[in-house]
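Engineer: This is the structure, below, for whatever I ask next.
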Amino acid sequence: MSNKSYYIPKRLDDPPKALWFDADEIIVFAVILFPGIIMKKFMLFLLVFVIALFVTYQYTKIKAGKLRGFLIHFFYWNFGALKLKRLPPSHIREISG
């Protein structure tokens with residue numbers, strides 16, 4: 001037997017992470033923070049930074065305890081914004097057959 005050690009992942013279905021944040025949380029934070037960086041005003045940047053933290057925190061709370069893809073399904077059923085080929089139109093609530 002060799003003395004090599006191997007890493008065995010414990011959870012294969014976890015979403016990609018950076019530090020302790022999920023990738024989608026980082027994307028939400030970065031998209032909101034980007035205009036604050038572009039404006040080059042420190043006080044405005046701080047305001048946008050606080051808003052980005054708040055929105056990301058709320059997004060994390062909404063996402064907790066829900067299934068994967070919950071927000072995509074939520075926006076599809078409530079706003080019909082996504083046009084997916086395999087799903088029926090969002091105004092059809094019951095399908096028989």
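The values are calculated or read from the model by the stated rules, or taken from the named source; none is laboratory data. Note that the structure is a prediction, hence the values are computed from the model and not measured. With ideal geometry, Cβ positions are generated from the backbone for all residues, glycine too; neighbour counts draw on all protein chains shown.
Engineer: For region 1-59, which positions are loosely packed, with under 10 Cβ neighbours inside 10 Å and of a type in the set (Lys, Arg)?
Structural biologist: Listed by number, the residues that qualify are 4, 10, 11, 40.
Engineer: Answer yes if at least one residue in region 36-54 is in a helix (DSSP H, G or I), modelled with pLDDT of 80 or more and closer than 30 Å to residue 94 by Cβ, and no otherwise.
Structural biologist: No, because not a single residue in region 36-54 is in a helix (DSSP H, G or I), modelled with pLDDT of 80 or more and closer than 30 Å to residue 94 by Cβ.
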